[in-house]
Amino acid sequence: MTYLIIKHTTYENIEDYIRIEDQTNNIDKANDMLQGYQLIEKDKDVSYSIVKYEQPLILEREVA
């Protein structure tokens with residue numbers, strides 16, 4: 001399981017900007033990173049969130 005830290009920047013006249021800021025496999029570390037990013041961010045138009053990401057299942061062979 002991978003946890004992604006997402007940075008979302010909102011603009012008035014153009015489309016919002018969303019990017020992956022960081023990633024980890026540890027939920028506790030992800031929460032610590034999220035709190036750190038939120039603590040140092042001064043721009044009111046920027047927010048951070050955690051998204052749980054699972055690798056897609058890839059079928060190796062066809063099942064009848």
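The values are calculated or read from the model by the stated rules, or taken from the named source; none is laboratory data. Being a predicted model, the structure only gives us computed values, none of them experimental. Methodologically, a virtual Cβ is constructed for each residue, glycine included, from the backbone with ideal geometry; neighbour enumeration extends over all protein chains shown.
Considering the range 30-47, and only residues there that are part of a helix (DSSP H, G or I) and in contact (Cβ under 8 Å) with a residue 24 or more places away in the chain, the residue that is nearest to Met1 (Cα to Cα) turns out to be Ala30.
Rundown of residues vs (1) among the acidic types (Asp, Glu); (2) surrounded by 10 or more Cβ atoms within 10 Å (Cβ to Cβ), yes/no style:
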{"residue": "Thr2", "(1), (2)": "no, yes"}
{"residue": "Lys7", "(1), (2)": "no, yes"}
{"residue": "Tyr11", "(1), (2)": "no, no"}
{"residue": "Glu15", "(1), (2)": "yes, no"}
{"residue": "Asp22", "(1), (2)": "yes, yes"}
{"residue": "Tyr37", "(1), (2)": "no, yes"}
{"residue": "Tyr48", "(1), (2)": "no, yes"}
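Cβ-Cβ contacts under 9 Å between residues 6 or more apart (or on different chains), taken from a first residue in the range 1-20 that is within 21 Å of Lys42 (Cβ to Cβ) and of a type in the set (Phe, Trp, Tyr) to a second residue that is assigned to a strand (DSSP E or B) and modelled with pLDDT of 95 or more, are listed as Tyr11/Tyr17; Tyr17/Lys7; Tyr17/His8; Tyr17/Thr9.
When Ile50, Ile20 are checked against the criterion of being at pLDDT 95 or above, within 15 Å of Thr2 (Cα to Cα), touching a helix residue (DSSP H, G or I) at 6+ places or on another chain (Cβ under 6 Å) and not in a loop (DSSP other than H, G, I, E, B), Ile50 stands alone in meeting it.
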